[in-house]
Amino acid sequence: MPSPHGELEARALLDLLWVVEPRERRVLILVGEGEQVSEVARSLGLPLGTAFSRLRRGRTHSAWSNSRKKQAKTAA
């Protein structure tokens, strides 16, 4: 299904997802698709706290990477 935000934004999102560790990426994608964290934890066989931790780390890492990319563009 195409992104409602356009091809360029979808590509930027995919680029950000690839900088996140795979185990964190799985949680981010599932939550991004609308799953509750409790459902994600159950489907991946994780304790609920672990699923929340992976979600937080994935969000933090992707936000950090995104801000670094913006800084690099501004400096160029």
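The values are calculated or read from the model by the stated rules, or taken from the named source; none is laboratory data. Note that this is a predicted model, so its numbers are computed, not measured. Every residue, glycine among them, receives a Cβ derived from its backbone with ideal geometry; neighbour counts consider all protein chains shown.
Scanning segment 4-32 for residues being at pLDDT 75 or above and charged (D, E, K, R) gives a total of 5. Contact list please: Cβ distance under 6 Å, first residue in segment 10-37 and acidic (Asp, Glu), second residue modelled with pLDDT of 80 or more and surrounded by 12 or more Cβ atoms within 10 Å (Cβ to Cβ), pairs at least six apart or on different chains. Close Cβ pairs satisfying both conditions: GLU24/ARG54; GLU24/ARG57; GLU24/GLY58.
Within the group GLU39, GLU35, which residue is in a helix (DSSP H, G or I) and at pLDDT 90 or above?
Values: GLU35 fails: in a helix (DSSP H, G or I).
None of the others qualify; the one that does is GLU39.
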